[in-house]
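Structure first, commentary second.
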Amino acid sequence: MQYSDLLIETHGKVAVIRLNRPKAMNALNDNMMNELGDALYKFDADSNINCIVLTGSEKAFAAGADIAAMANYNYQDTHGGNYIGRNWEHILNIRKPVIGACAGYVLGGGCELAMMCDFLIAAENAKFGQPEIKVGVTPGAGGTQRLPRTIGKSKAMDMLLTTRMIDAAEAERTGLVSRVVPTEKLIEEAIAIATQIAAMPVSVAMQIKDAVNRAFETTLTEGVRYERRYFHAGFGTPAQKEGMSAFLEKRAPKFDGL
Ligand code: HXC
């Protein structure tokens, strides 16, 4: 598939997917979300790739769903017509780690898409917000659910009801992002972090991702049982043999292909 709204690069075992609608602040439209799903599934299935970085431009990760495309939808178009939502959640099916690297505006559906990544790195110029109320709708891709679970109810309600944007420093303080880096170094840093992850055994990275996500869907006791099954199963894998032998032999582990 040729992509018109994405740019793709690979750096060793790291794939970088860049949202690319510069004239519209990377507003997320149906085509872009279809392309994003396609690219994510391809890299998830590609044994040469262990980690994916999702990013936008220096001005905008994405300023939300495409308002021009949505403005004339009616209820039947959105609910019955299978427009918005259908292709937004492919990212949740991806088993390899996906790092969101956010600069500039990360608004509305852009913030919701970012929150579907496994963790976020923010450029110093990043601004996060859920301004949907100002265009007369609620968030539609998890903003009312993932934001309060991530930054707490009070700050989430403040952002959702007033449309207040938070900057990168506040986003890091609240746990929305894991690190803040100089804006001009965002991609370099994101690739460096992804390269570090890509050197780990991808099978274990996928298990950790699955187990952490399970924490949000189940009780603590069930979650710990779920984790333990992966831990026990690990002892039947080459990654465990290599990792523990390397430690005991005082050498660096070689996890290629594991
Ligand atoms: C369509 C958009 C857009 C959007 C920006 N643009 N955001 N087009 N949908 N969400 C376009 C503008 O129309 C303009 O196009 C160009 O990008 C540059 O934007 P400006 O407004 O001129 O830039 P600036 O003054 O710097 O302001 C930037 C901004 C503002 C603060 C990001 O554009 C803005 O508030 N955008 C809308 C943010 C928003 O409400 N997002 C939530 C959408 S609802 P032209 O052609 O005029 O140059 C949503 C629901 C999610 O996301 C549902 C998920 C299922």
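The values are calculated or read from the model by the stated rules, or taken from the named source; none is laboratory data. Note that the structure is a prediction, hence the values are computed from the model and not measured. Cβ placement follows ideal geometry from the backbone for every residue including glycine, while neighbour counts extend to all protein chains displayed. Ligands, DNA and RNA are stripped out before the accessible areas are found, and what is left, the full protein with its side chains, is counted by its heavy atoms. Shrake-Rupley method; radii C 1.70, N 1.55, O 1.52, S 1.80 Å.
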#### Entry: Peptides ranked, highest mean first, by Cβ atoms within 10 Å: ranges 103-110, 228-235, 173-180
103-110, 173-180, 228-235
### Query
Once you have the alpha carbon radius of gyration of the chain, what is it after dividing by 2.2 N^0.38 Å, with N set to its residue count?
1.05
### Message
Counting only protein heavy atoms and a 1.4 Å probe, tell me what percentage of the chain's accessible area is made up of carbon and sulfur.
### Response
55
### Summary
In this structure, among Lys23/Lys155; Lys155/Lys209; Lys59/Lys185; Lys42/Lys185; Lys13/Lys209, pairs with alpha-carbon gaps over 20 Å are Lys23/Lys155; Lys155/Lys209; Lys42/Lys185
### Task
Any lysines with Cα under 23 Å of the Lys153 Cα? List them, leaving off those in the same chain fewer than 8 positions away.
Lys127, Lys134
### Task
Rounded to the nearest Å, what's the spacing between the alpha carbon centres of segment 99-122 and segment 206-228? Just the number, please.
23
### Summary
Counting only DSSP beta bridges fully inside segment 6-198, the antiparallel percentage to nearest 5 is 30
### Gaussian network model of the chain, springs between alpha carbon atoms under 10 Å - residue of Leu220, Leu54, Leu40 with greatest fluctuation
Leu220
### Query
Within the chain, what is the longest stretch that has no GluC sites (Glu not before Pro) placed in a DSSP loop and near at most 10 other beta-carbon atoms within 10 Å?
1-216
### Message
If I build a Gaussian network model for the chain, linking alpha-carbon pairs within less than 10 angstrom, which residue out of Ala114, Ala69, Ala141 has the largest mean-square fluctuation?
### Response
Ala69
### Task
Please give the calculated 222 nm ellipticity per residue for the chain, where each DSSP H segment of at least 4 residues contributes -39500 (n - 2.57) and the sum is spread over every residue; nearest 500 deg cm²/dmol?
-12500 deg cm²/dmol
### Task
With θ set to phi - 60°, apply the Karplus curve 6.51 cos²θ - 1.76 cosθ + 1.60 along segment 189-196 and write out the HN-Hα couplings as whole Hz, x wherever there is a Gly or Pro.
5, 5, 5, 5, 5, 5, 5, 4
### Summary
Quick calc: nm separation of the 7 Å Cα→Cβ label points for Asn74 and Lys42 -> 3.8
### Query
For the chain, what is the accessible area per residue in Å², given a 1.4 Å probe and the full set of protein chains?
53
